[in-house]
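Enquirer: Handing you a structure now.
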Amino acid sequence: MHRSPFVVRAFVGALVLSATALAQGSDDCTTAQAIAGVGSFPFNNTTATTGTQGQSNATCLFFGSTAIQRDVWFTWTSNVTDQVELATCGTTMDSKVAVYAGSGCPTTPPIVCNDDSCGLQSRLNFAAVAGNTYTIQLGTFPNAAGGVGNFTLGTIVPPPPCGTNTGPDVIVGEMIDVLNVTSSGGIDAVALGTTSCNVGTQVLQWVASTPNHPVIRQNVYKYKVVNGAGRMEQLGASWLKHAFAAVNGSLCCTCQGGGGGLGVGCSDPYGSGLNGNQPSAGPNWQVNAHTGVFPYPPASPPFVGAIARRCQMPVGSLEATSPATTARFFGEGHYVTPDDAAAGNQNNNASWREMSCSGTTEFSLAFTGPTNRAQPAIRAWAVAEAGVTLNDVQIPGDGLLVVGSKATDLGGGTWHYEYAVYNMNADRNVGSFAVPLPQAATVTNVGFHDIAYHDGDGNGNATFNGTDWVGNVQPGRVTWACTPQAFDNNANAIRWGTTYNFRFDADVAPVTGILTLGLWKPGIPNDITTTGDVPGNSSFSVLCAGDGSTTACPCGNNGDAGHGCANSVYTSGGQLVGTGNGSVSNDTVRLDALSMTGGVCVFFQGTAQQAPVIVDDGLGCVTGSIVRLETQGVAGGASVFPAPGDPTISVRGGVNPLGGTYYYQCFYRNPAPAFCPPATSNRTNGVAVTWTP
């Protein structure tokens with residue numbers, strides 16, 4: 001039996017008597033079968049007919065049908081005053097259920113009704129009063145076959161109120177079931193059922209046939225150890241279910257209700273049959289996941305076959321899970337809606353749940369374990385494998401990225417470097433990825449992994465270009481990139497809801513270094529950085545970070561990991577990155593300063609460092625004998641020294657020909673006096689360079 005999302009209390013009072021235990025339901029509401037108490041009750045509607053009562057109530061509208069066919073009737077007298085759950089989970093019949101106040105044939109709308117909650121089966125809850133009688137109508141979805149089974153009645157402990165975040169706030173409260181379809185042409189597909197929860201403080205809009213409702217996406221991931229190193233890859237993505245109606249359950253919180261959508265604290269189930277409905281699905285490309293804005297009705301190019309518009313995966317990527325394999329699978333649900341995004345609550349809209357896989361040539365996925373709420377599936381990588389680093393990267397004025405990295409010692413002096421870039425909801429997308437390299441590093445087995453878009457999910461109903469990003473080993477770095485937007489608006493950028501992987505082997509052990517992500521759509525900043533495992537370069541190390549790891553920034557303006565303190569434009573903070581050969585006799589060291597404000601900056605060198613101290617809006621730690629290397633212009637938030645025509649750093653800084661460690665930072669102006677007043681200057685993080693002769 002499907003486990004109830006609530007905590008079911010011990011049965012109150014005696015279980016049903018023998019007459020109740022034999023109940024199968026009456027085909028006529030005028031002679032409804034009487035039951036009482038709580039427990040499990042058998043039903044049999046194999047030969048039941050469809051009467052006229054309860055067949056035209058709009059509150060039970062599912063897929064355009066109000067009918068509950070092949071219905072059998074019960075009258076239930078409650079022995080508790082409490083919240084009660086009725087469920088047909090665990091049966092095989094495609095059920096629909098409604099509950100009415102009082103006994104006899106219904107003359108008013110039901111208190112509550114449900115179609116699909118646990119797969120194609122039903123689950124609902126309502127407030128019961130001890131001694132009161134309720135009429136239960138249990139039947140099938142139109143044209144579905146009847147069957148024999150059991151439904152349960154039990155009291156529940158409602159969860160507590162939510163309301164942590166202000167405004168509407170939708171999350172995936174539970175991943176509930178999987179619809180598996182027959183593969184075609186080497187491609188398999190599934191649809192995943194989801195129950196949404198509004199954990200905010202305002203009603204979430206849920207208006208059918210308008211742009212004011214959620215869209216629901218489903219993804220599948222796979223983790224596996226390959227050639228001695230783990231990798232977490234997205235296998236596929238679905239088109240979007242456009243939600244059309246919401247009921248008010250209490251999965252995540254105590255439902256407080258409210259008109260016009262999903263009430264405060266309320267939940268709403270959409271089974272895999274709903275989320276996988278092909279004709280009503282819309283493409284991903286029309287949705288700005290950061291703002292939640294999309295046109296309605298969605299584009300709807302022609303489609304053919306059972307796998308169309310559903311979450312598609314190569315059959316070759318599937319395998320049976322067992323103790324004999326490291327393969328693990330994960331399903332992800334993701335809601336996007338405008339008012340949730342307008343309230344700033346769009347970064348918790350995805351949840352994941354582990355899945356089992358069975359089969360040999362034709363495979364079937366099923367959920368196992370609990371739902372991990374408000375976490376995208378990329379976070380399962382750190383659950384599956386120790387030592388994984390996952391960093392959030394918030395693009396200024398846009399969405400959230402999560403960047404993962406893991407270096408694995410393969411033995412024999414070789415390390416495998418594995419990276420995953422997940423775009424949760426950034427509209428500007430990611431178009432390039434770069435990892436720094438020491439000058440003498442040898443790199444092999446450069447690789448890349450993406451997902452395949454399908455069925456015309458791209459601008460103008462043309463499927464996005466699936467051309468793989470080619471990895472290039474260059475002096476000082478490894479890079480991957482797709483075609484810029486200016487040349488192909490359907491290029492293979494990392495779009496919202498997708499994860500791409502980058503990998504290589506190197507003969508250098510890892511250190512924490514700077515990963516650079518180029519943003520695909522033009523704007524400011526051009527790129528954004530984070531930290532992760534990179535091939536080590538003993539010449540460079542980061543110091544004086546304004547990320548709160550040492551000294552806090554002066555006005556709570558901590559930046560991202562490895563950056564300086566935040567400024568008025570870049571919440572990540574200014575960043576200084578060192579690359580090149582730190583040899584005085586063969587100096588190719590270059591200092592790149594990024595994410596700065598103002599028109600000019602000053603690169604400077606010191607012979608010593610100190611514990612970080614507050615200097616204006618930032619932190620300073622470079623001391624000793626100070627050399628002003630150069631005043632440079634800032635364009636697009638960036639500057640560099642040496643620029644073409646400049647002397648080398650070792651020459652300009654007077655570095656000892658025998659080498660030694662020197663320290664560098666970059667000073668810049670912040671022209672917004674209201675930011676962190678009264679100071680109007682800031683600094684990047686520091687970089688230590690250990691020079692050799």
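The values are calculated or read from the model by the stated rules, or taken from the named source; none is laboratory data. Just so we're clear, the structure is a prediction, and the values are computed from it rather than from any experiment. Virtual Cβ from ideal backbone geometry, glycine too; neighbours counted across all protein chains shown.
Enquirer: Say whether the condition of being free of Cβ contacts under 8 Å to residues at least 40 places away in the same chain, in contact with a Gly (Cβ under 9 Å, 6 or more places away or on another chain) and either crowded, with 17+ Cβ neighbours inside 10 Å or not small (Gly, Ala, Ser) (or both) is met by at least one residue in segment 164-173. Write out each step before concluding.
Expert: Going through segment 164-173, the residues free of Cβ contacts under 8 Å to residues at least 40 places away in the same chain turn out to be 164.
Add one more test, that the residue is in contact with a Gly (Cβ under 9 Å, 6 or more places away or on another chain), and what stays is 164.
From what is left, the residues that are either crowded, with 17+ Cβ neighbours inside 10 Å or not small (Gly, Ala, Ser) (or both) are 164.
For segment 164-173, residues free of Cβ contacts under 8 Å to residues at least 40 places away in the same chain, in contact with a Gly (Cβ under 9 Å, 6 or more places away or on another chain) and either crowded, with 17+ Cβ neighbours inside 10 Å or not small (Gly, Ala, Ser) (or both): present.
Enquirer: When the residues of segment 612-644 are narrowed to those that are over 39 Å from the mean Cα position of the chain (by Cα) and closer than 25 Å to ASP547 by Cβ, which ends up surrounded by the most Cβ atoms within 10 Å (Cβ to Cβ)?
Expert: Taking the candidates together, the pick is VAL622.
Enquirer: Let me ask something additional. Condition first: aliphatic (A, V, I, L, M) and in contact (Cβ under 8 Å) with a residue 12 or more places away in the chain. Now tell me which residues in segment 611-642 satisfy that.
Expert: ALA611, VAL613, ILE614, VAL615, LEU619, VAL622, ILE626, VAL627, LEU629, VAL634, ALA638, VAL640, listed by residue number.
Enquirer: Another question, if that's okay. So for segment 448-456 (the condition being in a strand (DSSP E or B) and not β-branched (Val, Ile, Thr)), does at least one residue qualify? Explain how you work it out, then say what you get.
Expert: Going residue by residue through segment 448-456, those that are in a strand (DSSP E or B) are 448-449.
Retained after the next criterion (residues that are not β-branched (Val, Ile, Thr)): 448-449.
So far as segment 448-456 goes, yes, one or more of its residues are in a strand (DSSP E or B) and not β-branched (Val, Ile, Thr).
Enquirer: Okay, next question. Of the conditions (1) surrounded by fewer than 20 Cβ atoms within 10 Å (Cβ to Cβ); (2) at pLDDT below 90, THR49 clears all except one; give me its number.
Expert: The single condition THR49 does not satisfy is (2).
Enquirer: Would you check which residues across segment 410-447 are in a loop (DSSP other than H, G, I, E, B) and either of a type in the set (Gly, Ala, Ser) or within 10 Å of ASP505 (Cβ to Cβ) (or both) and list them? Please lay out each step first, then the result.
Expert: The initial filter retains those residues of segment 410-447 that are in a loop (DSSP other than H, G, I, E, B), namely 412-413, 424-429, 437-442.
GLY412, GLY413, ALA426, ALA440, ALA441, THR442, listed by residue number.
Enquirer: OK, next. Quick one: is THR155 under 35 Å from the mean Cα position of the chain (by Cα), surrounded by 18 or more Cβ atoms within 10 Å (Cβ to Cβ) and more than 29 Å from VAL264 (Cα to Cα)? Even if it seems obvious, please write down each step before you answer.
Expert: Working: under 35 Å from the mean Cα position of the chain (by Cα): yes; surrounded by 18 or more Cβ atoms within 10 Å (Cβ to Cβ): yes; more than 29 Å from VAL264 (Cα to Cα): no.
In short, no.
Enquirer: Continuing with the same structure: Is there any pair with a first residue in segment 673-693 that is free of Cβ contacts under 8 Å to residues at least 12 places away in the same chain and a second that is buried (at least 17 other Cβ atoms within 10 Å of the Cβ) and of a type outside the set (D, E, K, R) whose Cβ atoms are under 7 Å apart and which are 6 or more apart or on different chains, and what are they?
Expert: Short answer, once both residue conditions are applied: PRO673/THR680.
Enquirer: Any idea which of (1) surrounded by fewer than 16 Cβ atoms within 10 Å (Cβ to Cβ); (2) over 28 Å from ILE524 (Cβ atoms) is the one GLY582 doesn't satisfy?
Expert: Exception for GLY582: condition (1).
Enquirer: Please give the number of the condition GLY167 fails out of (1) within 29 Å of the chain's Cα centre (by Cα); (2) farther than 23 Å from ASN348 by Cβ; (3) modelled with pLDDT of 90 or more.
Expert: Failed condition: (2).
Enquirer: Can you work out which of the residues in segment 440-471 that are charged (D, E, K, R) and more than 22 Å from the chain's Cα centre (by Cα) is surrounded by the fewest Cβ atoms within 10 Å (Cβ to Cβ)?
Expert: Within segment 440-471, the match that is surrounded by the fewest Cβ atoms within 10 Å (Cβ to Cβ) is ASP468.
Enquirer: Same structure, new question: Go over the candidates GLY316, GLY369 one by one and state the one that is surrounded by fewer than 15 Cβ atoms within 10 Å (Cβ to Cβ) and under 27 Å from ASN425 (Cα atoms). If you could, list the steps in order and put the result at the bottom.
Expert: Working: GLY316 fails: under 27 Å from ASN425 (Cα atoms).
After ruling out the rest, the residue left standing is GLY369.
Enquirer: Next question. Can you run down the residue pairs with Cβ atoms below 8 Å, 6 or more apart or on separate chains, where the first is in segment 387-409 and over 21 Å from PRO510 (Cβ atoms) and touching a residue at least 24 places away in the same chain (Cβ under 8 Å) and the partner is of a type in the set (Lys, Arg) and not in a strand (DSSP E or B)?
Expert: The qualifying pairs are ILE395/ARG428; ASP398/ARG428; GLY399/ARG428.
Enquirer: Please list, ordered by residue number, the strands (runs of 3 or more DSSP E) wholly in segment 490-568 having 3 or more residues that are aromatic (Phe, Trp, Tyr).
Expert: Here the list reads 498-506.
Enquirer: I would also like to ask the following. Identify the single condition in (1) of a type in the set (A, V, I, L, M, F, W, C); (2) assigned to a loop (DSSP other than H, G, I, E, B); (3) at pLDDT below 95; (4) surrounded by 15 or more Cβ atoms within 10 Å (Cβ to Cβ) that VAL655 does not satisfy, given that it satisfies every other one.
Expert: If we test VAL655 against (1) of a type in the set (A, V, I, L, M, F, W, C); (2) assigned to a loop (DSSP other than H, G, I, E, B); (3) at pLDDT below 95; (4) surrounded by 15 or more Cβ atoms within 10 Å (Cβ to Cβ), just (3) comes out false.
Enquirer: Further, regarding this structure: May I ask you to verify whether ALA486 is outside the structural domain of GLN234 (by TED's automatic domain parsing), aliphatic (A, V, I, L, M) and crowded, with 18+ Cβ neighbours inside 10 Å?
Expert: Details: outside the structural domain of GLN234 (by TED's automatic domain parsing): yes; aliphatic (A, V, I, L, M): yes; crowded, with 18+ Cβ neighbours inside 10 Å: no.
Judged against the criteria, ALA486 is not a match.
Enquirer: Of THR20, THR107, THR88, which residue is at pLDDT below 90 and in contact with a Cys (Cβ under 9 Å, 6 or more places away or on another chain)?
Expert: THR88
Enquirer: Hey, another quick one. Restricting attention to segment 319-344, report how many residues are touching a residue at least 24 places away in the same chain (Cβ under 8 Å) and either among the β-branched types (Val, Ile, Thr) or surrounded by fewer than 24 Cβ atoms within 10 Å (Cβ to Cβ) (or both). Break it down into steps so the answer makes sense when it comes.
Expert: From segment 319-344, those touching a residue at least 24 places away in the same chain (Cβ under 8 Å) are 319-321, 325-344; that's our starting set.
With the extra rule that they be either among the β-branched types (Val, Ile, Thr) or surrounded by fewer than 24 Cβ atoms within 10 Å (Cβ to Cβ) (or both), the set shrinks to 319-321, 325-328, 336-339, 341-344.
Of the residues in that region, 15 qualify.
Conditions (1) under 21 Å from GLY659 (Cβ atoms); (2) in the same structural domain as GLY660 (by TED's automatic domain parsing), marked per residue:
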position	(1), (2)
GLY532	no, no
ALA545	no, yes
SER549	no, yes
ASP560	no, yes
LEU576	yes, yes
GLY582	yes, yes
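Enquirer: Being within 17 Å of GLY149 (Cα to Cα) and either over 39 Å from the mean Cα position of the chain (by Cα) or hydrophobic (A, V, I, L, M, F, W, C) (or both) is the filter here; which residues of segment 69-97 pass it?
Expert: Passing the criteria: ARG70, ASP71, VAL72, TRP73, PHE74, LEU86, ALA87, CYS89, MET93, VAL97.
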